[in-house]
Amino acid sequence: EKTGWFARLKQGLRKTQVNLVGIFTGGVVDEAFLEDLEFQMISADIGVETSALILERLRERIKLKGLKTQDEVKVALKEIIADILRPCEASLNFDEHKPLVIMMCGVNGAGKTTTIGKLAKHFAQLNKKVLLAAADTFRAAAKEQLAVWGDRNQIEVISQEKGDPASVAYDAISSGRKKGMDIVMVDTAGRLPTQTNLMNELARIRKVQGKAMEGAPHEVILVLDGTNGQNALMQAKAFDEAAGLTGLIITKLDGTAKGGVLVALANSREKPLPIYYIGVGETIDDLQPFKADEFAAALVG
Ligand code: GDP
């Protein structure tokens with residue numbers, strides 16, 4: 001139920017903050033307080049630029065509405081942050097393509113495999129027929145792991161004996177079309193933005209999918225580790241340049257993540273990328289749709 005994961009998110013975000021909530025002590029709202037607030041926002045991974053923007057909006061509101069108390073300022077801050085986050089609220093559209101082809105990417109350890117498992121189960125619960133493409137052909141064990149996992153959860157996994165990732169993706173999509181699947185999820189090997197060859201490979205894996213199905217992949221989702229802080233911005237930019245991202249999933253927000261990076265991501269481009277889900281733990285129920293108001297409340301509420 002909602003309270004369980006929300007409490008965990010809230011606790012997680014507050015664990016390391018020095019902190020955004022803690023500076024609201026009920027004192028006066030003066031210049032020193034606002035400067036302190038800006039510093040805390042930067043410390044919470046919101047970033048210098050976005051923190052300055054938030055502070056500017058906050059000052060306007062304080063003036064316009066004559067806010068006096070820290071409680072009033074806190075409410076205003078939460079609203080301003082929610083407004084920045086709101087354009088990232090979006091859900092996957094299952095109706096336009098059959099199958100909907102989703103390519104998943106990310107650096108090693110971001111939580112990609114865990115997230116794919118959660119997503120596959122989530123889709124199955126929505127009565128969608130899901131096919132997984134084990135296009136992580138880099139790690140020898142990855143394929144077997146996925147196959148075992150697929151068996152256990154009655155989800156079909158396509159892999160190849162000596163597979164090239166692009167060809168695994170191609171086969172899976174072709175097979176998914178024949179079998180009337182609703183969703184084909186393509187797992188790719190973890191890679192770093194600095195690994196140029198692997199980033200180019202990602203572009204190729206993407207391109208080949210369009211030959212198996214016009215317009216595929218329909219979604220290219222980057223899985224980001226929420227504890228990585230501002231580094232996530234760099235990753236999002238690099239993966240977008242290589243593979244044309246359509247959305248994000250941010251994991252580990254129950255851990256030591258400060259969470260402010262979501263605000264920075266939302267403010268990092270003209271049209272921010274959708275954040276389809278957030279990961280707040282290791283079980284299937286710990287993948288939650290991203291909601292701007294909820295997240296802002298967890299951060300400063
Ligand atoms: P991959 O290398 O990107 O495939 O990463 P994995 O899926 O293997 O995840 C790396 C570690 O992060 C594992 O120990 C997962 O259990 C853990 N993990 C993934 N998502 C979450 C999350 O939302 N919360 C927490 N606490 N741990 C997570």
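Some notes on this structure:
- Residues in segment 202-225 that are of a type in the set (Asp, Glu) and open to solvent by less than 40 Å² (accessible area, probe 1.4 Å) were compared, and the one that is farthest from VAL168 (Cα to Cα) is ASP225.
- Exclusive hit being open to solvent by 10 Å² or more (accessible area, probe 1.4 Å), away from the ligand (no atom under 16 Å from the Cβ) and basic (Lys, Arg), set LYS78, LYS143: LYS78
- Condition met for LEU233 (closer than 27 Å to VAL21 by Cβ, more than 16 Å from the ligand (Cβ to nearest atom), in contact with a Ser or Thr (Cβ under 8 Å, 6 or more places away or on another chain) and assigned to a helix (DSSP H, G or I)): yes
- Members of segment 251-284 found to be in contact with a Gly (Cβ under 9 Å, 6 or more places away or on another chain), of a type in the set (S, T, N, Q), surrounded by fewer than 19 Cβ atoms within 10 Å (Cβ to Cβ) and closer than 22 Å to THR113 by Cα, listed by number: THR256
- In segment 31-65, the qualifying residues are those that are of a type in the set (Gly, Ala, Ser) and not in a loop (DSSP other than H, G, I, E, B), and the one that is surrounded by the most Cβ atoms within 10 Å (Cβ to Cβ) is SER51.
- Only one entry of ALA134, ALA124, ALA110 meets the criterion of being among the aliphatic types (A, V, I, L, M) and touching a helix residue (DSSP H, G or I) at 6+ places or on another chain (Cβ under 6 Å), and that entry is ALA134.
- Subset of segment 66-97 [in contact with a helix residue (DSSP H, G or I) (Cβ under 8 Å, 6 or more places away or on another chain) and either in a loop (DSSP other than H, G, I, E, B) or closer than 17 Å to GLY190 by Cβ (or both)]: LEU67
- Residue in segment 250-265 that is outside any loop (DSSP other than H, G, I, E, B), over 11 Å from the mean Cα position of the chain (by Cα) and either within 18 Å of LEU85 (Cα to Cα) or free of Cβ contacts under 8 Å to residues at least 40 places away in the same chain (or both) present: yes
The values are calculated or read from the model by the stated rules, or taken from the named source; none is laboratory data. What you are looking at is a predicted structure, and each value in this text was computed from that prediction instead of being measured. FYI the Cβ positions are ideal-geometry reconstructions off the backbone, even for glycines, and counts take in every protein chain you see. Areas reflect the complete protein model, heavy atoms only, side chains present, ligands, DNA and RNA absent. Shrake-Rupley method; radii C 1.70, N 1.55, O 1.52, S 1.80 Å.
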